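This report refers to the structure that appears directly beneath it.
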Amino acid sequence: QRNQEWREAMPAFLDDVEEKVKIARDHRLKVVIDLHHPPMPGVRADDTEMWEHPDLEKNFTAFWRAVATRLKPYGDVIWGYDLLNEPLDRNQLPHAPREWRPLAVKILKAIREIDPDTPIIVACAVGGNPVGFGSLRPIDVPNTIYTVHCYLPHGYTHQGVHGAKMVGAYPGVKHDGRVWNKEMLRRSLEPVVKFQQQYKVPIYVGEFGAARWAPGAEQYLADYIDLFEEYGWDWTYHAFREWDGWSAEHSTDPDDKTRYESTPRMKLLTDYMSRNR
């Protein structure tokens with residue numbers, strides 16, 4: 001019954017997505033279509049229930065076929081299709097019976113049956129974490145991009161989020177027995193760099209960021225972006241108007257809910273973005 005409801009809801013969903021893509025086109029923006037939740041109602045991507053669902057492959061491939069069919073005319077606007085945000089498989093969910101990569105291959109091929117050109121974005125199955133690239137194998141489907149999410153160390157970037165304890169300022173913050181600075185960020189990205197160099201594939205930083213009240217966050221972001229630019233990676237800051245905790249329009253005061261025309265974080269990001277050609 002719930003699967004039937006999901007399929008009945010797809011036309012309205014696609015109408016909404018197409019309308020947003022048109023708005024992006026009108027503003028000369030490229031967009032990534034990112035699936036944040038599996039196409040099974042009530043099923044979470046971070047739970048083994050997703051992997052045990054009887055319609056796992058059918059729903060994923062049906063969803064992406066529908067998206068590719070509807071959005072194929074907007075190839076000049078779609079920067080890429082991101083198959084699933086921060087996937088987890090049995091490497092992180094010990095009771096999950098499946099691995100992410102074989103499912104990703106089937107989704108990729110389903111999209112390519114409809115759209116041979118639009119880039120497709122695949123994350124490693126360690127929640128998109130850099131360490132997952134150590135065991136990732138490339139997929140033999142044309143125009144595949146590999147994405148990584150960068151929030152290390154998590155204790156620093158998420159301090160104060162949902163009551164998490166404050167841990168200190170960057171650079172020099174101590175977490176997980178290590179002192180974090182630009183060199184430690186570089187070391188944490190080594191699995192991604194090795195993967196890129198070995199297989200000659202494009203890398204996309206689909207998310208990175210730090211809570212706006214994390215001390216030294218602007219330097220943290222600048223060090224990360226410097227590394228992304230050094231490695232030739234594309235990147236997307238997380239996030240614009242999703243939640244004010246990540247916002248570049250707010251101050252460092254967690255109680256200040258005002259949006260400002262300019263902040264140090266916003267200036268940092270726009271300065272780097274202005275280098276685009």
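The values are calculated or read from the model by the stated rules, or taken from the named source; none is laboratory data. Just so it is clear, the model here is predicted, and its values are computed rather than measured. Backbone-built Cβ (ideal geometry, glycine too); neighbour counts: all protein chains shown. We work out accessible area using only protein heavy atoms, side chains counted, and drop any ligands, DNA or RNA first. Shrake-Rupley method; radii C 1.70, N 1.55, O 1.52, S 1.80 Å.
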Can you go through Gly216, Gly177, Gly206 and tell me which one is open to solvent by 20 Å² or more (accessible area, probe 1.4 Å), among the small types (Gly, Ala, Ser) and in contact (Cβ under 8 Å) with a residue 40 or more places away in the chain? Gly216
Count of the range 180-189 residues which are free of Cβ contacts under 8 Å to residues at least 24 places away in the same chain and open to solvent by 50 Å² or more (accessible area, probe 1.4 Å): 2
Among (1) assigned to a strand (DSSP E or B); (2) more than 21 Å from the chain's Cα centre (by Cα); (3) of a type outside the set (Lys, Arg); (4) surrounded by 18 or more Cβ atoms within 10 Å (Cβ to Cβ), there is one condition His149 misses while meeting the rest; what is its number? (2)
Give the range 1-43 a look and list any residue that's touching a residue at least 40 places away in the same chain (Cβ under 8 Å), farther than 20 Å from Leu83 by Cα and assigned to a loop (DSSP other than H, G, I, E, B), or say none. Leu29
Does at least one position in the range 118-134 carry a residue that is under 26 Å from Ala239 (Cα atoms), touching a strand residue (DSSP E or B) at 6+ places or on another chain (Cβ under 6 Å), assigned to a helix (DSSP H, G or I) and of a type outside the set (Gly, Ala, Ser)? yes
Looking only at the range 203-215, how many residues end up being outside any strand (DSSP E or B), of a type outside the set (A, V, I, L, M, F, W, C) and touching a Gly at 6+ places or on another chain (Cβ under 8 Å)? 2
Being touching a Gly at 6+ places or on another chain (Cβ under 8 Å) and closer than 18 Å to Val192 by Cβ is the filter here; which residues of the range 93-119 pass it? Pro119
Say whether the condition of being in a loop (DSSP other than H, G, I, E, B), modelled with pLDDT of 95 or more, farther than 17 Å from His37 by Cβ and open to solvent by less than 10 Å² (accessible area, probe 1.4 Å) is met by at least one residue in the range 77-95. yes
Those residues of the range 228-257 which are part of a loop (DSSP other than H, G, I, E, B), among the hydroxyl-bearing types (Ser, Thr, Tyr) and either within 24 Å of Asp82 (Cα to Cα) or in contact with a helix residue (DSSP H, G or I) (Cβ under 6 Å, 6 or more places away or on another chain) (or both), in sequence order: Thr236, Tyr237, Ser247
Given the conditions (1) β-branched (Val, Ile, Thr); (2) at pLDDT 95 or above; (3) surrounded by fewer than 17 Cβ atoms within 10 Å (Cβ to Cβ), report the number of the one that Val141 does not fulfil. (2)
Sole miss for Lys165 among (1) surrounded by 18 or more Cβ atoms within 10 Å (Cβ to Cβ); (2) without any contact (Cβ under 8 Å) to a residue 12 or more places away in the chain is condition (1)
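Within the range 152-173, can you find the residues that are of a type in the set (Lys, Arg) and outside any loop (DSSP other than H, G, I, E, B)?
Within the range 152-173, no residue meets the criteria.
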